[in-house]
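Asks: One structure, as structure tokens, below. Some questions next.
The values are calculated or read from the model by the stated rules, or taken from the named source; none is laboratory data. What you see is a predicted model, and the numbers here were worked out from it, not measured in a lab. Every residue, glycine as well, gets a Cβ built from its backbone with ideal geometry; the counts of neighbours run over all protein chains shown. All accessible areas refer to the heavy atoms of the entire protein, side chains included, with ligands and DNA or RNA removed. Shrake-Rupley method; radii C 1.70, N 1.55, O 1.52, S 1.80 Å.
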Amino acid sequence: MISNQIIQTSIDELKTITKVDIYVFDLDGIKVAATTEDIEISREIITGFAASPADSQVVGGYHFLKVLDDSEVAYVLASRSNNDDAYMVGKIAVSQIQNLIIAYKERFDRNNFFQNLILDNLLLVDIYNRAQKLHIEVEGPRIVYLVETRLEKDSSGMELLRSLFSSQNGDYITAVDEKNIILIKAVERDASPESLELVANTIVDMMNSEAMLKVRVSYGTVVQELREVSKSYKEATMAMDVGRIFYAEKNVIAYSTLGIGRLIYQLPVNLCRIFIEEIFGGNQVYDLDEETLTTINKFFENNLNVSETSRQLFIHRNTLVYRIEKLQKATGLDIRTFEDAMTFKIAMMVVNYMKYLDTLEY
């Protein structure tokens with residue numbers, strides 16, 4: 001049901017324009033909203049009118065009208081004025097509140113529809129039937145963005161997204177838990193990867209600057225039909241998890257750019273342990289010091305170029321070679337060669353994945 005605050009705001013605006021006082025009551029005669037505290041109406045009058053077949057009634061200078069929801073009485077509205085405008089303004093207020101009820105019910109229905117859609121809780125025939133009733137286009141390219149706010153029960157992020165992306169443009173916003181917001185966005189058929197990433201970066205920047213929220217955004221691939229939206233959602237969810245494990249420094253993660261991290265994420269943990277044991281044997285690789293990790297990462301960033309890596313780390317070339325040879329003695333891998341470098345990179349990603357699984361167990 002529509003909130004009392006929305007009704008209050010609506011009748012306050014009408015009072016400002018028309019100078020007519022408006023009162024809204026529920027079916028038990030309890031005040032829901034009013035433009036003034038000066039009320040001389042008994043609960044018996046309100047409940048009696050609500051139960052009567054009359055559409056309108058005048059009692060003690062108050063014009064009583066019924067606010068309907070699907071032909072059922074939802075509220076009783078009363079208006080009062082020193083001139084003859086009270087009845088007309090009352091009718092306008094009734095019409096406005098009824099339209100608000102319809103709009104909010106539609107939003108709720110759409111929210112429920114998309115929640116069930118992305119969670120695969122709908123049959124194919126139900127998807128098409130409900131989409132038609134809710135005036136949602138069945139065909140058309142869409143993509144799912146997942147926004148992790150890292151704060152529970154914070155509605156500011158969702159409200160900001162609703163101000164950025166409108167359902168009139170085919171964009172819908174929902175949520176299935178308290179930390180993640182889901183944006184189902186309509187896109188152009190020839191949308192480029194750069195334009196999709198731009199949307200994600202815009203969300204990150206706006207959340208940071210407007211709502212003071214530090215967020216991570218992941219997104220799936222573009223799908224062409226409404227029934228495939230759940231596929232894009234699952235991809236975005238995987239991208240968020242994989243990004244959290246292997247690309248923690250990134251605020252935007254695309255499913256299409258996960259690379260080998262996506263493969264490792266889907267490996268059984270027993271297979272991961274066997275792989276690490278085969279590569280490193282009894283050597284301990286879980287606790288490499290920060291200096292060694294920084295050196296390795298920078299070495300990989302520079303495509304195994306010793307000179308460029310030593311320059312960027314502000315160390316002598318021989319110092320870098322010494323660190324690499326020290327790592328070789330500890331692991332048996334010479335990361336100056338492509339094959340060993342690739343093996344070590346994959347192995348460290350597997351190690352990070354296993355560390356992540358260990359945190360989940362606790």
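Asks: What are the pairs, 6+ residues apart or on separate chains, where a residue within segment 43-55 that is touching a residue at least 24 places away in the same chain (Cβ under 8 Å) has its Cβ under 9 Å from a residue that is exposed (fewer than 12 other Cβ atoms within 10 Å of the Cβ)?
Replies: Close Cβ pairs satisfying both conditions: Ile46/Asp28; Ile46/Ile30; Ala50/Asp28.
Asks: Still on this model: Cβ-Cβ distance below 7 Å, separation of 6 or more or different chains: which pairs start in segment 105-133 with a residue that is open to solvent by 80 Å² or more (accessible area, probe 1.4 Å) and end on one that is part of a helix (DSSP H, G or I) and at pLDDT below 90?
Replies: Pairs found: none.
Asks: Okay, next question. If you check every pair at least six apart or on different chains, which have Cβ atoms under 9 Å apart with a residue in segment 4-30 that is under 13 Å from Val89 (Cβ atoms) first and a residue that is charged (D, E, K, R) and in a helix (DSSP H, G or I) second?
Replies: Between residues of segment 4-30 that are under 13 Å from Val89 (Cβ atoms) and residues that are charged (D, E, K, R) and in a helix (DSSP H, G or I), the close pairs are Asp21/Lys15; Ile22/Asp12; Ile22/Lys15.
Asks: To continue, here is another question. Quick check: is even one residue across segment 148-156 closer than 23 Å to Ile253 by Cβ and open to solvent by less than 30 Å² (accessible area, probe 1.4 Å)?
Replies: Yes, there is a match, as at least one residue in segment 148-156 is closer than 23 Å to Ile253 by Cβ and open to solvent by less than 30 Å² (accessible area, probe 1.4 Å).
Asks: On the given criteria, is Ile279 surrounded by 15 or more Cβ atoms within 10 Å (Cβ to Cβ), in contact with a Leu (Cβ under 9 Å, 6 or more places away or on another chain) and more than 30 Å from Val222 (Cα to Cα)?
Replies: For Ile279, the condition - surrounded by 15 or more Cβ atoms within 10 Å (Cβ to Cβ), in contact with a Leu (Cβ under 9 Å, 6 or more places away or on another chain) and more than 30 Å from Val222 (Cα to Cα) - is met.
Asks: Here's a follow-up. Does segment 210-229 include one or more residues that are closer than 20 Å to Leu161 by Cα, without any contact (Cβ under 8 Å) to a residue 60 or more places away in the chain and within 15 Å of the chain's Cα centre (by Cα)?
Replies: Looking for residues that are closer than 20 Å to Leu161 by Cα, without any contact (Cβ under 8 Å) to a residue 60 or more places away in the chain and within 15 Å of the chain's Cα centre (by Cα), one finds at least one in segment 210-229, hence yes.
Asks: Return the residues of segment 230-257 that are of a type in the set (Val, Ile, Thr) and in contact (Cβ under 8 Å) with a residue 24 or more places away in the chain; say none if nothing qualifies.
Replies: Residues satisfying the conditions are Thr237, Ile245, Val252, Ile253.
Asks: Taking the conditions exactly as written (more than 30 Å from His135 (Cβ to Cβ), open to solvent by 40 Å² or more (accessible area, probe 1.4 Å) and part of a helix (DSSP H, G or I)), does Asp205 satisfy them or not?
Replies: yes
Asks: Pick out the one residue from Val89, Val24, Val94 that is open to solvent by less than 10 Å² (accessible area, probe 1.4 Å) and part of a helix (DSSP H, G or I).
Replies: Of Val89, Val24, Val94, the one residue that is open to solvent by less than 10 Å² (accessible area, probe 1.4 Å) and part of a helix (DSSP H, G or I) is Val89.
Asks: Given the structure, is Asp171 under 17 Å from the mean Cα position of the chain (by Cα), surrounded by fewer than 12 Cβ atoms within 10 Å (Cβ to Cβ) and not polar (S, T, N, Q)?
Replies: No, not satisfied.
Asks: Pick out the one residue from Gly140, Gly157 that is among the small types (Gly, Ala, Ser) and either closer than 19 Å to Glu225 by Cα or not in a helix (DSSP H, G or I) (or both).
Replies: Selected residue: Gly140, the only one of Gly140, Gly157 that is among the small types (Gly, Ala, Ser) and either closer than 19 Å to Glu225 by Cα or not in a helix (DSSP H, G or I) (or both).
Asks: A follow-up question, please. Of all residues in segment 211-257, count the ones that are closer than 20 Å to Gly170 by Cα, among the charged types (D, E, K, R) and open to solvent by less than 20 Å² (accessible area, probe 1.4 Å).
Replies: Total meeting the criteria: 0.
Asks: Turning to a different aspect of this structure: Check whether at least one residue in segment 316-335 is assigned to a helix (DSSP H, G or I), closer than 23 Å to Glu249 by Cα and in contact with a helix residue (DSSP H, G or I) (Cβ under 8 Å, 6 or more places away or on another chain), and report yes or no. Outline the logic, then answer.
Replies: From segment 316-335, those assigned to a helix (DSSP H, G or I) are 317-331; that's our starting set.
With closer than 23 Å to Glu249 by Cα added as a condition, the list becomes none.
Scanning segment 316-335, I find no residue that is assigned to a helix (DSSP H, G or I), closer than 23 Å to Glu249 by Cα and in contact with a helix residue (DSSP H, G or I) (Cβ under 8 Å, 6 or more places away or on another chain), so the answer is no.
Asks: Looking at segment 53-72, which of its residues are at pLDDT 90 or above, closer than 23 Å to Gln8 by Cβ and open to solvent by 40 Å² or more (accessible area, probe 1.4 Å)?
Replies: Ser56, His63, Leu68 - these are the residues of segment 53-72 that are at pLDDT 90 or above, closer than 23 Å to Gln8 by Cβ and open to solvent by 40 Å² or more (accessible area, probe 1.4 Å).
Asks: Scan segment 303-352 residue by residue and report those that are open to solvent by 70 Å² or more (accessible area, probe 1.4 Å) and among the hydrophobic types (A, V, I, L, M, F, W, C).
Replies: If the condition is that a residue be open to solvent by 70 Å² or more (accessible area, probe 1.4 Å) and among the hydrophobic types (A, V, I, L, M, F, W, C), then Phe314, Phe338, Met342 are the ones that fit.
Asks: Can I ask one more? Does at least one position in segment 161-170 carry a residue that is touching an Asp or Glu at 6+ places or on another chain (Cβ under 8 Å) and outside any helix (DSSP H, G or I)?
Replies: We begin by selecting, within segment 161-170, every residue touching an Asp or Glu at 6+ places or on another chain (Cβ under 8 Å); these are 165, 170.
Right, trim to outside any helix (DSSP H, G or I) and you get 165, 170.
The answer is yes; a qualifying residue exists.
Asks: Taking segment 168-187, which residues are closer than 9 Å to Arg142 by Cα, among the hydrophobic types (A, V, I, L, M, F, W, C) and free of Cβ contacts under 8 Å to residues at least 40 places away in the same chain?
Replies: Within segment 168-187, none qualify.
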